[in-house]
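Below is one structure; the comments refer to it alone.
The values are calculated or read from the model by the stated rules, or taken from the named source; none is laboratory data. In this text the structure is predicted, and so the values were computed from the model without any measurement. Cβ: placed from backbone, ideal geometry, glycine included. Neighbour counts: every protein chain shown. The protein model used for the area step is the full one, side chains on, heavy atoms only, and it has no ligands, DNA or RNA in it. Shrake-Rupley method; radii C 1.70, N 1.55, O 1.52, S 1.80 Å.
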Amino acid sequence: LKNAERTLDGLIADKVKPEFIMGTMTKFFSDVVAVSAGTEKGIGSTVLSQRLKIAEWSVRKYVTLADRVGKDYLSNCMKECYEADYRLKTSSENKYLIIKMLLSRIIAYGK
């Protein structure tokens, strides 16, 4: 998790657009949720890779991650991403601060 914070700080320092960071985070969690749902239905990693257009090694990594963190955590991450994305698009708040707060809430969930 410290790596995620360091990575985000680096992206902010490099002035990567907050909308790009937000989109990347949301897509990551969306992909993990989709892979998790597919494996629950008995779909193999090769087929999921093709259907979702994700590298097969990523699919296997996402399966492991989803098993480790659980459905509630992933659902919370998706909810937090959508709420942060809405704030990013509609508020005059500092956009990078919105993303930092999102990461903090994701890290803190369940602690």
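Within segment 11-45, can you find the residues that are free of Cβ contacts under 8 Å to residues at least 12 places away in the same chain, over 17 Å from Leu97 (Cβ atoms) and of a type in the set (Phe, Trp, Tyr)?
Selection gives Phe28 alone.
Taking only pairs six or more apart or across chains, which ones have beta-carbon atoms under 9 Å, a first residue in segment 46-68 that is in contact (Cβ under 8 Å) with a residue 24 or more places away in the chain, and a second residue that is outside any helix (DSSP H, G or I) and surrounded by 15 or more Cβ atoms within 10 Å (Cβ to Cβ)?
Note: pairs meeting the criteria are Tyr62/Ile54.
Could you figure out which of (1) closer than 29 Å to Leu88 by Cα; (2) at pLDDT 95 or above isn't true of Gln50?
Among (1) closer than 29 Å to Leu88 by Cα; (2) at pLDDT 95 or above, the lone unmet condition for Gln50 is (1).
At least 1 residues that are among the charged types (D, E, K, R) and under 22 Å from Lys79 (Cα atoms) in each: list the helices (runs of 4 or more DSSP H) lying fully within segment 1-66 that qualify.
2-13, 18-40
Residue check, Arg68 against (1) under 23 Å from Leu102 (Cβ atoms); (2) open to solvent by less than 40 Å² (accessible area, probe 1.4 Å), all met but one. Which one?
Condition not satisfied by Arg68: (2).
Step by step: first the residues of segment 1-10, then only those that are touching a residue at least 60 places away in the same chain (Cβ under 8 Å) and surrounded by 12 or more Cβ atoms within 10 Å (Cβ to Cβ), then the one that is nearest to Leu97 (Cα to Cα). Which residue is that?
Restricting to residues being touching a residue at least 60 places away in the same chain (Cβ under 8 Å) and surrounded by 12 or more Cβ atoms within 10 Å (Cβ to Cβ), the top hit is Leu8.
May I ask you to say which residue of Lys89, Lys79 is part of a helix (DSSP H, G or I), under 16 Å from the mean Cα position of the chain (by Cα) and among the basic types (Lys, Arg)?
Lys79
Between a residue in segment 83-111 that is closer than 13 Å to Glu19 by Cα and any residue that is surrounded by fewer than 13 Cβ atoms within 10 Å (Cβ to Cβ), which pairs come within a Cβ distance under 8 Å, given they are 6 or more apart or on different chains?
Hits for this filter: Arg87/Glu93; Ile98/Ser91.
Identify the residue in segment 11-50 that is of a type in the set (Gly, Ala, Ser) and open to solvent by 30 Å² or more (accessible area, probe 1.4 Å) and, among all such residues, is nearest to the chain's Cα centre (by Cα).
Ser30
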